[in-house]
Amino acid sequence: MSNIKLKNLIVAENFSIRHALKVINMSRLGVCFVTKKKKLLKVVTDGDIRRSLLKGYKLSDNITKIKSKKNFITVRENYDFLDLQKKISKYKIIPIINKRGEIIDYANEKRFRQLPQAEPSFKGNELKYVSEAIKSGWISSVGKYVNIFQKKFSFFVKNKYCLATSSGTTAIQLALATLKLKPQDEIIVPDYTFVSPINSIIHSNSKPVLADIDNKNLCLSLNSIKKAVTKNTKAIIIVHLYGNTSELDKIVRFCSQKKIKIIEDCAEAFGTYYKGKHVGNFGHFGTFSFFGNKTISTGEGGMIIFKKKEDYQLAKKLRDHGMRKDKKYWHDEIGFNFRMTNLQAAIGCAQIEKANFFIKRKIKIFKRYNTKLKNLKFIKMIKETSKIKNSHWLTFILVKDNLIRDKLLSFLTDKGIEVRSGFYSAHQMDIYKNFKNKKVNYVNSKKISSSIITLPSSVSLKNEEIDYICKLISFFFLHKGIPAINK
């Protein structure tokens, strides 16, 4: 993104040509915007000034005397992304104006709104419910919307023991806290994941054991779990990454035999089903995140669901400082403040009303990407299975050559597409290297970490924007001299 501020490109109507030249020279963008009471009068380039000086104009003359294009190109605020892309390819710099004709920003190849990875959609009752919560005076954790959100979530995932939390991470920490862990207890966790579950295990005063992932679904496999199990294994955290999941029936059966507790991290898998059952219901605990980029969002916030009522009751007490329900300010557990606010829950209530629409749109986005990209030789996309209904929180591709992957990342970023390289393998970071399993070489984790690219997947993403991204990816491979199509 260009770091030249708009104010450093503006020249008021009463300034001289000399001043305009100084502005142009300082920015090195070759242009300035001439304004009158914030309204854009004209766009003047260094070429316009040079031609005017050759005709006899003086540096002391007023900038408004400079002859420039009368019908200069502008775009209005709330512009269409694809329309701006087309204009950017033809013009060096484009002013952005509001309905009053005032200049509010500018765009060039390195400065304009990107197509984001994932952004929330607040087009339902969010403002209405939040306003009601504020008017009620109940804005913290006591208020009707917390209970309403828990009930709505309970109905959606078909689990009667739901507890709202302040984040997806605190939901994991709360699940771990109910296990009453000891320092020698080990928790198996995937090496390739966002580090939240790993950090939560460390904060619970127990030991994470990093396991490799299955390169078919990017989640823990039964084989990877077996390699990591020891006599000290207390639990596993299955992370349902990018909306996908493991072979849960096999894992549940094995863990039941070994008396190993299961925590399902469903932060990226709201709306994912395994054999017709919502994820989070297979283990002893299921945790969810409502961070700003998740399928439904409360800004920050989380939820935990339980298999057993006694775990739910204990977690509810621990969430509220370990305070007894029947005796105010009497604490018989060392607890936390992991509560969700009424304001967050109000947003959550509005979000879950549109959850089915969000999930259907995410799935359609994946299918469109898949249709457009499936024949590209140098990338791979995840394959669907009949057991899993993937909610496709983020669509991703795997690039077979990691050097090409990094070049593609840079290429798409330069074109205004917000793409990311995914997570790093945890065992490669110094602070986690002591939790490596010596029996494992983490070949799949390292491979995925060096090959993945996550693509824009917001529910507001238009089909033509998806097509544009796919065309850029195809163009990249052809442009680099790599045959893009198998045939």
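Quick note: the coordinates plus some simple rules give every number you see, no bench work behind them. None of these values were measured; they are calculated from a predicted model. All Cβ positions, glycine included, derive from the backbone under ideal geometry; neighbour counts span all protein chains shown.
Rounded to the nearest 500, what is the chain's calculated 222 nm mean residue ellipticity when only DSSP H runs of at least 4 contribute -39500 (n - 2.57) each, over all residues?
-10500 deg cm²/dmol
Taking the Cα centre of region 126-353 as origin and charging only Cβ (+1 Lys, Arg; -1 Asp, Glu), how large is the dipole, in debye to the nearest 20?
Its charge dipole is roughly 880 debye.
Report the relative contact order of region 221-350, percent, no decimals, based on alpha-carbon pairs under 8 angstrom and at least 6 residues apart.
Over region 221-350, the number comes to 15 percent.
In a solvent-free Debye calculation with one equal scatterer on each Cα, what is log10 I(q)/I(0) for region 347-487 at q = 0.10 Å⁻¹, listed in the order of the q values?
Normalising to I(0) and taking log10 leaves -0.42.
Report relative contact order for the chain in percent, whole number only (criteria: Cα-Cα under 8 Å, sequence separation at least 6).
Computed over the chain, the figure is 16 percent.
Calculate one ³J(HN,Hα) per residue across region 14-26 by plugging θ = phi - 60° into the Karplus curve 6.51 cos²θ - 1.76 cosθ + 1.60, and present them in order as whole Hz with x for glycine and proline.
After applying 6.51 cos²θ - 1.76 cosθ + 1.60, I find 8, 8, 8, 5, 4, 5, 4, 4, 4, 4, 5, 5, 5 Hz.
For the chain, with the dipole built from +1 on Lys and Arg beta-carbon atoms and -1 on Asp and Glu ones, taken about the Cα centre, which of 56, 293, 404 lies farthest toward the positive end?
56
In Å and on Cα atoms, what radius of gyration and Dmax does region 6-107 show?
Radius of gyration, then largest Cα-Cα span, for region 6-107: 13.5, 42 Å.
With +1 on each Lys and Arg Cβ and -1 on each Asp and Glu Cβ, how big is the dipole of the chain about its Cα centre, in debye rounded to the nearest 20?
980 debye
Can you pull the Rg over Rh of region 98-239, Cα-only, Kirkwood?
On the Cα set of region 98-239, Rg over Rh gives 1.13.
Output wanted: per-residue J couplings in Hz (rounded whole) for region 309-317, from phi through Karplus 6.51 cos²θ - 1.76 cosθ + 1.60, θ = phi - 60°, x for Gly and Pro.
For region 309-317, the Karplus-derived couplings read 4, 5, 5, 4, 5, 5, 4, 5, 5 Hz, x marking Gly and Pro.
Only loop residues by DSSP count here, and only those with at most 14 other Cβ atoms within 10 Å; note down the trypsin sites (Lys or Arg not before Pro) in region 133-241 that meet that.
158, 160, 180, 216, 231
How do 454, 287 line up, fewest other C-beta atoms within 10 Å first?
Taking fewest neighbouring Cβ atoms as first place, the list is 454, 287.
May I ask what percent, to the nearest 5, of DSSP beta bridges between residues of the chain are antiparallel?
60 percent
Using amide H atoms built 1.01 Å from N in the peptide plane, name the residues 5+ places from residue 235, or on other chains, whose amide H lies under 5 Å from its own.
Distant-sequence amide H within range of residue 235: 186, 188, 261.
Under 8 Å for C-alpha pairs, at least 6 residues apart: give me the relative contact order for region 6-107, rounded to a whole percent.
For region 6-107, the relative contact order is 25 percent.
Tell me which of 91, 116, 145 sits at the most positive position along the dipole axis of region 21-158, charges placed on C-beta atoms (Lys, Arg +1; Asp, Glu -1).
In region 21-158, that residue is 91.
With no solvent and one point per C-alpha, what does the Debye sum give as log10 I(q)/I(0) for region 242-352 at q = 0.16, 0.20, 0.24 Å⁻¹?
Scattering profile of region 242-352, log10 relative to I(0): -0.86, -1.12, -1.27.
Counting Lys and Arg as +1 and Asp and Glu as -1, each charge on the Cβ, what is the dipole of region 1-88 about the Cα centre in debye, to the nearest 20?
300 debye
For residue 265, list long-range residues whose amide hydrogen, built 1.01 Å from N in the peptide plane, is under 5 Å from its own amide hydrogen.
Under 5 Å from the amide H of residue 265 lie the amide H atoms of 238, 239, 240, 287, each far enough along the sequence or on another chain.
Which of the following values of Rg/Rh (Cα atoms, Kirkwood Rh) was calculated from the structure shown: (1) 1.01; (2) 1.07; (3) 0.96?
Here the calculated entry is (2).
Please report the projected area of region 126-353's Cα convex hull averaged over all directions, in nm².
12.1 nm²
How large is ³J(HN,Hα) for each residue in region 292-298, as worked out from phi by the Karplus curve 6.51 cos²θ - 1.76 cosθ + 1.60 (θ = phi - 60°), to whole Hz, x for Gly and Pro?
x, 9, 7, 4, 10, 10, 10
Can you sort 369, 192 by how many other beta carbons sit within 10 Å, fewest first?
Ranked by crowding around the Cβ, least crowded first: 369, 192.
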